[in-house]
Amino acid sequence: MKVAVLGAGAMGSLYGAHLAKGGQDVWLIDVWQEHVDAINQHGLKIFYDDHFETVEIKATLNPLDIENTMDLILVFVKSYHTGLVLENCIHLIGDKTKLLTLQNGVGNVDILERFVSRTQILAGTTAHGANVRGPGQINHAGKGKTIIGRIDGINTKDEEELASIFHASGLDTELRDRIEGLIWDKLLVNVGINPLTALLLVKNGILLENNETEELIDLLVGEAWEVAKKSNIILSHNDPIGHVKSIAKATGENKSSMLQDILKGRKTEIDFINGAITHKGKEVGVATPYNELITRLIKAKEKVKGIDLKYLEGVF
Ligand code: NAD
């Protein structure tokens, strides 16, 4: 199978390396020169708790280096780069090419639909955790399941084959028919935990230690739940707010991805998380004032550097 991974950061490198080790013909595409050079010269190094491995894999800065259309394109840039990276890689897309997004939040699928038909798009969730250690190096921080499915809900033999290739490559993967509900389950978790931890500069568990923060989870997730209901999205949990709190408890010592972005001075994926709730809310006629406010606060936080966040990162 010919595979292009768009965005060879933490997750793109992790998935690309598994598929390459599993015998697939994989290209990593990224804009980070030092990283691409290091991968081509010394291989990609994946660090685990107590050891590391080196995976030989092709990487490029220039998508035009790749001539053929792909069987699979795995989109693993941050959500705000999805449109741009696809425009640069349009020549890799043929009638039979499948596009898969495992990015966080919602809205990426809408962007993919600008480039291919719905029958070519798969989406899903990943419970793997990874981060970039340096050029050519990533940490595999946590293992978990990958759940994928065609967004039109019609999985065929092609999708079954894709899931089994992932599985055979060491990526524990399950194929699901109704993938949207699952994506929204994860979205609601991000809606409740990410912006609050990023604004308050705290780990997930702290949100359950005060009435004020718990009530903010209720308000944010409550609005998102209303939007899901009005959009006919079937969530897996009868009590989504309780579910979000149980995840905050289970991941109490974790720094959310949005907190990490803020601490590192990077743009966040807020538009695809709380911003997406407000956007969808407008479409289905549900008011989402708390999500709108928190989206604006995070955008302000991205820009306002009041104190030295690098110093604060060391405090955690
Ligand atoms: P990352 O920042 O490590 O990687 C993104 C990569 O995209 C970077 O290497 C960047 O240089 C590259 N990039 C940016 N613009 C590009 C362009 N125009 N063309 C090609 N490459 C470009 O991000 P990540 O942590 O791997 O996250 C990727 C996605 O996966 C996000 O949506 C995130 O929410 C999701 N996700 C991450 C994790 C995790 O543990 N890291 C877990 C679940 C989901």
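(1) buried (at least 17 other Cβ atoms within 10 Å of the Cβ); (2) of a type in the set (A, V, I, L, M); (3) over 21 Å from Val77 (Cβ atoms): which one isn't true of Ala250, the others all being true?
Ala250 satisfies all of (1) buried (at least 17 other Cβ atoms within 10 Å of the Cβ); (2) of a type in the set (A, V, I, L, M); (3) over 21 Å from Val77 (Cβ atoms) except (1).
Let's see how each residue does on (1) modelled with pLDDT under 95; (2) open to solvent by less than 20 Å² (accessible area, probe 1.4 Å); (3) among the β-branched types (Val, Ile, Thr):
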position: Arg118; (1), (2), (3): no, no, no
position: Ala127; (1), (2), (3): no, no, no
position: Arg133; (1), (2), (3): no, no, no
position: Asn155; (1), (2), (3): no, no, no
position: Glu161; (1), (2), (3): no, no, no
position: Ser169; (1), (2), (3): no, yes, no
position: Trp184; (1), (2), (3): no, yes, no
position: Val191; (1), (2), (3): no, yes, yes
position: Ala198; (1), (2), (3): no, yes, no
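Do the conditions hold for Val284, that is, is it away from the ligand (no atom under 16 Å from the Cβ) and more than 24 Å from Ala127 (Cα to Cα)?
yes
Within region 280-312, work out how many residues are open to solvent by 50 Å² or more (accessible area, probe 1.4 Å) and at pLDDT below 95.
8
Which of the strands (runs of 3 or more DSSP E) contained wholly in region 96-193 include at least 3 residues that are within 24 Å of Ile29 (Cα to Cα)?
Ranges flagged: 98-101, 121-126, 129-134, 137-142, 146-150.
Going by the structure shown, is Val85 in a helix (DSSP H, G or I) and at pLDDT 95 or above?
It is true that Val85 is in a helix (DSSP H, G or I) and at pLDDT 95 or above.
Of all residues in region 50-84 being exposed (fewer than 13 other Cβ atoms within 10 Å of the Cβ) and more than 16 Å from the ligand (Cβ to nearest atom), which is farthest from Leu19 (Cα to Cα)?
It comes out as Asp50.
The values are calculated or read from the model by the stated rules, or taken from the named source; none is laboratory data. Owing to the predicted nature of the structure, the values given are computational and were not obtained by experimental measurement. Don't worry about glycine lacking a Cβ; one is built from the backbone with ideal geometry, like all the others, and counts go over all protein chains shown. Surface areas here come from the heavy atoms of the whole protein model, side chains and all, with no ligands, DNA or RNA. Shrake-Rupley method; radii C 1.70, N 1.55, O 1.52, S 1.80 Å.
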